[in-house]
1. Restricting attention to the stretch A:503-542, which residues are over 24 Å from residue A:365 (Cβ atoms), touching a Lys or Arg at 6+ places or on another chain (Cβ under 7 Å) and of a type in the set (Gly, Ala, Ser)?
2. Out of A:218, A:285, A:252, report the one residue that is hydrophobic (A, V, I, L, M, F, W, C) and in the same structural domain as residue A:320 (by TED's automatic domain parsing).
3. For the subset of the stretch A:215-242 comprising residues that are touching a Phe, Trp or Tyr at 6+ places or on another chain (Cβ under 9 Å) and buried (at least 17 other Cβ atoms within 10 Å of the Cβ), which member is farthest from residue A:196 (Cα to Cα)?
4. Take the residues of the stretch A:381-435 that are of a type in the set (Ser, Thr, Tyr) and out of contact with any strand residue (DSSP E or B) (no Cβ under 7 Å at 6 or more places or on another chain): which is surrounded by the most Cβ atoms within 10 Å (Cβ to Cβ)?
5. May I ask you to list the residues in the stretch A:401-426 that are part of a helix (DSSP H, G or I), touching a helix residue (DSSP H, G or I) at 6+ places or on another chain (Cβ under 7 Å) and not polar (S, T, N, Q)?
6. Report the residue count in the stretch A:94-118 for those that are out of contact with any Phe, Trp or Tyr (no Cβ under 9 Å at 6 or more places or on another chain) and either more than 11 Å from DNA strand B (Cβ to nearest atom) or not hydrophobic (A, V, I, L, M, F, W, C) (or both).
7. Has the stretch A:475-489 got any residue that is modelled with pLDDT under 85, buried (at least 22 other Cβ atoms within 10 Å of the Cβ) and within 32 Å of the chain's Cα centre (by Cα)?
8. Any chance the stretch A:158-174 includes a residue that's within 19 Å of residue A:251 (Cα to Cα), touching a Phe, Trp or Tyr at 6+ places or on another chain (Cβ under 7 Å) and within 15 Å of DNA strand B (Cβ to nearest atom)?
Amino acid sequence: MSGPPTPKAGGAGAVSVPTNAEAAALFREVADLLDILGEKFKPEAYRRAARSIESLTEDLGKVAGRHELRSIPGVGDAIEEKIRELLETGHIAYRDRLVREVPPGLLEIVRLPGLGPKTARRFWVDLGVEGPAELRAAIEAGRLDAMKGFGPKKIDQIRSALAASATSGVPDRRPIEAVYPVAIRLLHALRDGAPVDQAEIAGSFRRGRETVGDLDLLVTSGAPERVFDVFSGLAEVREIRLRGGTKETVILAGGLQVDLRVVEPEAFGAALQYFTGSKDHNVRLRTLARDRGLKINEYGVFRGEERLAGRTEEDVYASLGLAWIPPELREDQGEIDDASKGALPRLVGPKDLGSDLHLHLDAASSPADVERLLSDARARRYASIAVVVAGVASDGSTFRIPADLHASIERGARGGPRIDRVVEVGPGPIPATLEGERPDFWILRPTGKGAEAAAALPKVDVRLVAHVGSGDGDPGDRLRPWLEVARSRGAAVEIGPGPERLDSRGARLARSLGVPLALPTGLGGGPEDPTLPIALAFARRAGATVNEVANAGGVPPKGGRGARPRRPG
DNA sequence: GCCGTTTTCGGCCCGACTGTTTTCAGTCG
C-alpha cells in the first residue's frame with residue numbers, strides 16, 4: 001500500500017458528531033440502497049434500527065458511552081459497529097460503498113409515490129436509467145412501452161409523479177399542533193355529515209407523536225360509498241389519490257395525505273388498534289399472538305376461523321392477556337411487558353387538571369377575553385388560574401397589563417375561580433421597574449444568560465419555569481441546568497406544543513430528574529385549539545401520572561411553600 | 001441484519017389497492 005494514511009478528520013481533529021436524526025437518515029439510506037440492490041431482509045432491519053434511533057430520548061453518543069447500543073431495539077452486532085464507526089469517524093464505510101454501487105438518482109426514483117425498489121431496479125438494469133431525468137427521457141422515447149407490466153396508466157402515473165417531484169419537494173412530517181385543527185375539522189365533518197356510527201383518528205396522531213406524516217381516519221358505516229362521497233367533497237380536499245371499496249386516500253389543500261377506512265363494527269377495535277400502531281408495537285403484538293396460537297390483524301384476534309375479539313380495543317388487548325395500552329405508550333418501549341404484568345402507569349388525563357399556571361394577556365386583550373378565560377375555567381371546574389400581569393418580554397423590555405384588565409380580573413375573581421397574579425422574569429436580578437411587584441408567584445423564563453445566572457434571581461416564590469423549548473436533537477445538555485434550577489426552586493416546568501415548550505423528550509428528562517410538569521390548558525382557545533390535547537399527549541408519552549403534574553390532582557395551595565398575603569396592605 | 005417462553009438457525013405481518021394481468025407483482029401502510 002502506498003500513500004500516507006488518511007487522517008480521520010481535518011487538521012483540528014474534530015469530527016462533527018451526527019445527530020440522532022442524521023444517523024437515522026443514514027441508516028434509512030442504507031436500507032433504500034440495499035432495497036435497490038435486491039436484498040431481502042436487511043433493508044427492514046436497517047429501517048427498524050433507524051426508527052429506534054429516531055425515537056431515542058438522548059444522544060447516540062451517550063448511549064455508546066455507556067456501552068448500551070445493543071439495548072436499542074433492532075441494533076445488533078453489525079449495526080452497533082456501524083454506529084460506533086459513525087460516531088468516531090463521521091461516516092459509515094459500508095454506506096459509502098453502497099453509494100458507490102448505486103447511482104444516486106435511483107434513490108430519488110425509489111422515493112417517487114407509486115414506485116419502489118423493484119421498479120427502480122428494473123429501470124436501472126433493463127434500461128440503464130440512473131435518475132429521474134433519464135427516466136423522463138426514457139418515457140418520452142417510448143422505451144417503457146415495450147416493458148412487461150407497464151401499461152399506459154402506469155406510465156402516466158410515473159410521468160405525473162416525476163412532474164410533481166420536480167415542482168415540490170416530498171412533503172415531510174409536520175408538527176402535530178399544525179395538523180390538529182384540520183384533523184378535528186375532518187373528524188367532525190364525518191361525524192356530522194356522513195352516515196357513520198363510530199369515527200376516530202388513528203396513526204401517529206392518536207399516539208400523540210410530535211410530528212405527523214399523514215392522517216389515518218377510521219369509521220364504521222353501512223354506506224362506505226356515501227362516506228367517501230362526503231369526505232372527498234369537503235372543502236379541504238384537493239385531490240383523490242385512490243378509492244376502493246373500503247379505503248380512500250386524499251390529499252388536502254396543504255399537501256397533507258389523509259387515509260380514510262371504513263370497517264365493520266365487529267372489527268372497529270381491531271382496526272383502530274392496527275392503524276394506531278406503532279409498527280414496532282404491532283409487530284410485537286403479532287409475535288405475542290402467534291406464540292399463543294392466535295392470529296391478529298385489522299379484523300380481529302382469531303383462533304383458527306373463530307374471532308375472539310375485534311369490536312373494541314380493550315377486547316383485542318384482553319384476548320392477548322394484556323391490559324389496554326394507552327396509544328401514547330405504543331412504541332415498543334416495554335409497554336407490552338408492563339401491560340402483561342398489570343404494571344402500566346395510570347397516566348394523567350384531561351379530567352385530572354384543576355388549574356392553569358400560565359395565562360397571558362397583552363395590550364390587545366379586552367375585558368371580554370378575561371371573561372372568556374373565566375367562563376372556560378368555570379366550565380372545566382378549575383379552582384384557580386394564573387394570569388401574567390407583568391414581566392420581561394422576549395426583547396428584554398418590561399411590560400404590564402393595562403389597568404382595565406386588572407379591574408376585570410378583580411371583578412372576575414369574585415365569581416371564582418381564584419385568579420393568581422403572576423410576574424414573569426428571566427434569571428438574574430429583578431428589573432428595577434418590576435421591583436414593586438408582589439405577585440402570588442413568579443414564573444422564570446430561561447434566557448441566553450444561562451442557568452448559572454438563575455442563582456442571582458432573588459429567593460422569590462418561583463412556581464413555574466416556562467418558555468423553554470426542547471429544541472432539535474438531544475434536549476439534555478441545554479435543558480438539564482434549567483431543570484436543576486426548577487428542582488432547586490420547587491418549580492414545575494411547562495410542556496406542550498410549540499418551540500417554547502418542552503416536548504415528550506423534554507418531559508421525560510424532567511420526570512427523570514423529579515421535576516413536576518405543568519400543562520398549558522388552552523383556556524379560551526376553542527375546540528380546535530391544540531394546546532391542551534397536545535400537552536396531555538406529550539405528558540402521557542413521557543409516562544407522567546397525575547402526581548407528576550403540578551396543575552393536576554388537586555390545586556396547589558395558595559402561596560405555595562410559605563403562604564403569604566396575596567397583596568400588600 | 002436481527003432475534004428467540006418454538007434460541008445460535010431459520011424465520012422475518014399481511015391485507016388493500018392498482019394496473020396489469022388470465023392469476024399476479026409491486027407498492028403502501
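The values are calculated or read from the model by the stated rules, or taken from the named source; none is laboratory data. Please read these numbers as outputs of a predicted model, since none were measured by experiment. Reconstructed Cβ throughout: ideal geometry from the backbone, glycine too, with neighbour counts over all protein chains shown.
1. Across the stretch A:503-542, the qualifying residues are A:504, A:514, A:542.
2. A:285
3. A:215
4. A:408
5. Matches in the stretch A:401-426: A:404, A:405, A:409, A:412.
6. 16
7. Yes: the stretch A:475-489 contains one or more residues that are modelled with pLDDT under 85, buried (at least 22 other Cβ atoms within 10 Å of the Cβ) and within 32 Å of the chain's Cα centre (by Cα).
8. Checked the stretch A:158-174: no residue is within 19 Å of residue A:251 (Cα to Cα), touching a Phe, Trp or Tyr at 6+ places or on another chain (Cβ under 7 Å) and within 15 Å of DNA strand B (Cβ to nearest atom).
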